[in-house]
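Q: Attaching a single structure in structure tokens format; questions to follow.
The values are calculated or read from the model by the stated rules, or taken from the named source; none is laboratory data. Small disclaimer: the values here were computed from a predicted structure and weren't measured. Counting neighbours? That spans all protein chains shown, and the Cβs are built from the backbone with ideal geometry, glycine included.
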Amino acid sequence: MGLNQDMTKRWFVSLGLMSGTSADGMDAALIRSDGEDAVETLSTAFVPYPDDFRKRLLFCAHHHTSNDAVREDFSHWSQMACESILRQSHIRPDLIASHGHTLDHRPDLGWTLQMDDPVALARHFGVPVVSDFRQKDMQNGGQGAPLVPIYHRVRGRGHPKPLAIVNIGGVSNITLLDDQDGMVAFDAGPGNALMDDVLQNTVGARYDHGGALALSGTLHRDLAETLLADPFFLKRGPKSLDRNHFAQRAGILQGLSLNDRLATLAYVTAVAIARGIQQHQPHCQECLLVGGGRKNKAIVEALSQALSCPVRDGDTAGFDSDFMEAEAFAYLGIRSFLGLPYSFPETTGVSVPTCGGVLYLPPCFFHSIPR
């Protein structure tokens, strides 16, 4: 969506950083927006994590803990992603919005933990940094996730409604938009995380390229339905979950071949999404997919069979589907800076529309204050 230059509004250039739960690397997106109805993507970049760092980051996520060495390396990769964007665009941002990497998410306990170093980013680049996006929402009774629906609403304008925008990352989440500008959102269930972990632990691969291994496997429907009987799926949204919520339960697939395990997990991911959409919006006109999981043909085929509406790659609808979350947090950074809400009772279960995020100012800001 291009910008309609309303001179009564202030426009910001924001650099968004997102390290998804798949832990494949750092996504960065530079946008220009008023924080409300208009947004323009200026540049995007992806910085992959080296295998050694990815393993250490996933270790921290699996054990819900952090350490200074991993945190320092994470700060390095955050800075590398920013520098990649700046080299490409030659545009200095007004602010950086850094989500960090989620290590633990326990909405039932009001607890979430992200690895991040906003102070180092502010000091290194000399611009304000917005981080800690989830805490305020959880303090006000919300799930702390998903936070991107308000951005999905902006991007979804002009598309037939009711519309589902589904992000398939380590976890899958759904935003449902109606023709009255209303939105409902929730985590649907596992995304790529379980399949990625199976591959990492068996053959050392990061992911099933295109879903080829899953497509060659055999679905074990009885085991899939056992996983889909988890109490999480019985809850209505808003709801959210941790990346590793299903890790132990997926142990029931241990005796299957690698390809059969992947086929069964791909089916679970797809059917969880389909049932979530059908439960909340049975008359959906279209389903648009974003995130890395949209490239897994086993997931997409199963989802297309389970839904009565068309299922399309978000790229065909004009989205940059690989960078939707990084763009979203760049947008949320602007909203946070302006004091505008970005989580809502219908999206996270928060008690009132809430503006979260913590602003970290660079040392040069304080040096410029007259004394």
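Q: Among the helices (runs of 4 or more DSSP H) lying completely within segment 31-127, list those that include at least 2 residues that are small (Gly, Ala, Ser) and within 15 Å of ALA326 (Cβ to Cβ).
A: 68-89
Table: residues versus (1) among the polar types (S, T, N, Q); (2) in contact (Cβ under 8 Å) with a residue 40 or more places away in the chain; (3) under 22 Å from LEU58 (Cα atoms); (4) surrounded by fewer than 17 Cβ atoms within 10 Å (Cβ to Cβ).
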{"site": "VAL70", "(1), (2), (3), (4)": "no, yes, yes, no"}
{"site": "ALA81", "(1), (2), (3), (4)": "no, yes, yes, no"}
{"site": "SER84", "(1), (2), (3), (4)": "yes, yes, no, no"}
{"site": "ILE91", "(1), (2), (3), (4)": "no, yes, no, yes"}
{"site": "HIS99", "(1), (2), (3), (4)": "no, yes, yes, no"}
{"site": "THR102", "(1), (2), (3), (4)": "yes, yes, yes, no"}
{"site": "HIS105", "(1), (2), (3), (4)": "no, yes, yes, no"}
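Q: Quickly run through segment 227-253 and pick out the residues that are more than 17 Å from LEU194 (Cα to Cα) and in contact with a strand residue (DSSP E or B) (Cβ under 9 Å, 6 or more places away or on another chain).
A: Here is the first cut: in segment 227-253, the ones more than 17 Å from LEU194 (Cα to Cα) are 231, 234-239.
Selection gives LYS235, ARG236, GLY237, PRO238, LYS239.
Q: So if I check each of ALA38, ALA81, ALA45, ALA61, which one is under 30 Å from ARG157 (Cβ atoms), in the same structural domain as PHE125 (by TED's automatic domain parsing) and touching a Ser or Thr at 6+ places or on another chain (Cβ under 8 Å)?
A: Sole residue among the options that is under 30 Å from ARG157 (Cβ atoms), in the same structural domain as PHE125 (by TED's automatic domain parsing) and touching a Ser or Thr at 6+ places or on another chain (Cβ under 8 Å): ALA45.
Q: Return the pair list, or none, for Cβ contacts closer than 8 Å from residues in segment 150-165 that are more than 9 Å from LEU177 (Cα to Cα) to residues that are of a type in the set (Lys, Arg), at least 6 apart or on different chains.
A: ILE150/ARG335
Q: Quick one: LEU194 ticks every box in (1) more than 14 Å from ASP260 (Cβ to Cβ); (2) buried (at least 23 other Cβ atoms within 10 Å of the Cβ); (3) in contact with a helix residue (DSSP H, G or I) (Cβ under 6 Å, 6 or more places away or on another chain) bar one, so which box is it?
A: (1)
Q: Now a separate question. Out of everything in segment 232-256 that is of a type in the set (D, E, K, R), without any contact (Cβ under 8 Å) to a residue 60 or more places away in the chain and in a loop (DSSP other than H, G, I, E, B), what residue ends up being nearest to PHE344 (Cα to Cα)?
A: The initial filter retains those residues of segment 232-256 that are of a type in the set (D, E, K, R), namely 235-236, 239, 242-243, 249.
Cutting the leftovers down to without any contact (Cβ under 8 Å) to a residue 60 or more places away in the chain gives us 235-236, 249.
Okay, now just the ones that are also in a loop (DSSP other than H, G, I, E, B), so 235-236.
Working: LYS235: 18, ARG236: 16 Å.
Once the filter is applied, the top-ranked residue is ARG236.
Q: Cβ contacts < 6 Å: first residue in contact (Cβ under 8 Å) with a residue 60 or more places away in the chain, restricted to segment 212-229; second residue part of a loop (DSSP other than H, G, I, E, B), any location; separation 6+ or different chain. Result?
A: Partner pairs satisfying both residue conditions: ALA214/ASP208.
Q: Determine which member of the set ILE277, ILE252 is in contact with a Leu (Cβ under 6 Å, 6 or more places away or on another chain), within 25 Å of HIS105 (Cβ to Cβ) and assigned by TED's automatic domain parsing to the domain that holds SER304. If you could, list the steps in order and put the result at the bottom.
A: Working: ILE277 fails: in contact with a Leu (Cβ under 6 Å, 6 or more places away or on another chain).
The conditions single out ILE252.
Q: For segment 70-104, what are the residues that are over 21 Å from the mean Cα position of the chain (by Cα), polar (S, T, N, Q) and within 17 Å of PHE12 (Cβ to Cβ)?
A: If the condition is that a residue be over 21 Å from the mean Cα position of the chain (by Cα), polar (S, T, N, Q) and within 17 Å of PHE12 (Cβ to Cβ), then SER89 is the only one that fits.
Q: The conditions are (1) part of a loop (DSSP other than H, G, I, E, B); (2) touching a Gly at 6+ places or on another chain (Cβ under 8 Å); (3) of a type in the set (Gly, Ala, Ser), and ALA266 fails exactly one of them. Which is it?
A: Condition (1) is where ALA266 drops out.
Q: I need a count of the residues in segment 336-350 that are in contact with a Ser or Thr (Cβ under 9 Å, 6 or more places away or on another chain) and surrounded by 24 or more Cβ atoms within 10 Å (Cβ to Cβ).
A: Matching residues across segment 336-350 total 4.
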